[in-house]
Amino acid sequence: NNMIKYGDKCGIFMKQNIYDIKTFSEAYDKMRNENRGKNANDLIEIPNFRKLIPDLNNKKVLDLGCGYGENEIYCRELGAKAVLGIDISEHMLKIAKDNNSDREIKYKLMAMEDIGNLEEKFDVVISSLAIHYVKDYDKLIKDIYDLLNEDGILIFSIDHPLRIANKFEPWMKKNYTEINGKWFLLVSDYNREGVREKEWNGIMVKKYHRNFSSLINGLVNSGFKIDKILEPIPDEESIKIIPKYIYQYDRPYFLFIRAKK
């Protein structure tokens with residue numbers, strides 16, 4: 001078995017850093033570059049995420065798990081006066097600095113679990129498909145609340161809880177079944193929260209499944225007010241490019257939440 005178990009080479013389990021594993025990062029970069037404009041990130045996640053971002057004129061923005069830094073440039077285009085992108089991956093930050101920099105964008109090597117060490121405050125905190133890698137959700141949400149100025153906004157996306165609820169066994173290839181040409185989502189272990197492990201680009205990747213109650217109550221208990229929730233479906237143009245995306249009417253890929261302090 002040539003599969004790399006995360007943690008064998010990367011140390012601290014809580015602060016997962018798959019993107020600095022060379023075999024993974026090479027496969028991920030290749031996938032993103034070769035399928036640019038033809039993947040779920042570009043066609044569904046990014047446009048729906050950006051619909052939730054308000055006018056940022058004169059605002060300070062913090063991006064948790066900033067990756068390539070594409071949202072940093074976008075926030076500056078919306079008028080943000082300063083953007084800080086943090087990521088645990090040196091590989092991701094190098095790409096971000098090389099391709100998505102300007103004088104008001106700063107990048108910092110930092111895990112989301114450590115944002116309580118930041119001393120500055122922000123008007124908007126964003127996080128795209130990263131919070132599901134963090135073990136202690138309630139602590140993270142509390143840390144974000146404390147970093148926000150009054151009337152601050154949090155916007156984040158995660159893998160949809162129905163999509164990752166299943167505990168994958170070695171014999172499981174997929175979490176849906178097809179009957180008469182229609183896809184049916186197979187859901188188990190929904191209220192058994194915790195680690196979910198699945199192979200991706202040759203790495204066993206750990207995510208944390210939480211049900212809707214935990215996701216919403218974690219925000220409310222920290223003082224946030226829920227402003228908007230999205231479970232987006234692809235538009236007609238996206239379905240023309242990738243026909244199988246029509247099945248997201250049956251099994252959503254992503255969940256988006258916007259909350260206010």
Residue pairs qualifying under the 7 Å Cβ cut-off, at least six apart or on distinct chains, with the first in region 56-81 being within 18 Å of Ile144 (Cβ to Cβ) and the second being open to solvent by 20 Å² or more (accessible area, probe 1.4 Å) and part of a loop (DSSP other than H, G, I, E, B), are Leu56/Leu78; Leu56/Gly79; Lys59/Lys81; Lys60/Lys81; Glu72/Asn100; Ala80/Lys59
For region 65-145, please list each of the strands (runs of 3 or more DSSP E) lying entirely inside it that holds at least 3 residues being among the β-branched types (Val, Ile, Thr) and either crowded, with 18+ Cβ neighbours inside 10 Å or touching a Ser or Thr at 6+ places or on another chain (Cβ under 9 Å) (or both). 122-128
If you check every pair at least six apart or on different chains, which have Cβ atoms under 9 Å apart with a residue in region 236-247 that is farther than 15 Å from Asn35 by Cβ first and a residue that is open to solvent by less than 100 Å² (accessible area, probe 1.4 Å) and hydroxyl-bearing (Ser, Thr, Tyr) second? Ile239/Tyr245; Tyr247/Tyr176
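Mind listing whichever residues of region 25-44 are open to solvent by less than 40 Å² (accessible area, probe 1.4 Å) and over 12 Å from Tyr245 (Cβ atoms)?
Selection gives Ser25, Ala27, Tyr28, Asp29, Arg32, Gly37.
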Exactly one condition in (1) touching a residue at least 40 places away in the same chain (Cβ under 8 Å); (2) surrounded by 16 or more Cβ atoms within 10 Å (Cβ to Cβ) is false for Asn166; which is it? (1)
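So that you can scan it fast, the table gives a plain yes or no per residue for (1) more than 18 Å from Asn166 (Cβ to Cβ); (2) open to solvent by less than 70 Å² (accessible area, probe 1.4 Å); (3) of a type in the set (A, V, I, L, M):
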| position | (1), (2), (3) |
| --- | --- |
| Val205 | no, yes, yes |
| Arg210 | no, yes, no |
| Leu219 | yes, yes, yes |
| Phe224 | yes, yes, no |
| Asp235 | yes, no, no |
| Lys240 | yes, no, no |
Criterion first (in a helix (DSSP H, G or I), within 21 Å of Val125 (Cα to Cα) and among the aliphatic types (A, V, I, L, M)) does Ile216 satisfy it? yes
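The values are calculated or read from the model by the stated rules, or taken from the named source; none is laboratory data. Small disclaimer: the values here were computed from a predicted structure and weren't measured. Cβ: placed from backbone, ideal geometry, glycine included. Neighbour counts: every protein chain shown. Quick note on the areas: whole protein, heavy atoms, side chains included, nothing else; ligands and nucleic acids left out. Shrake-Rupley method; radii C 1.70, N 1.55, O 1.52, S 1.80 Å.
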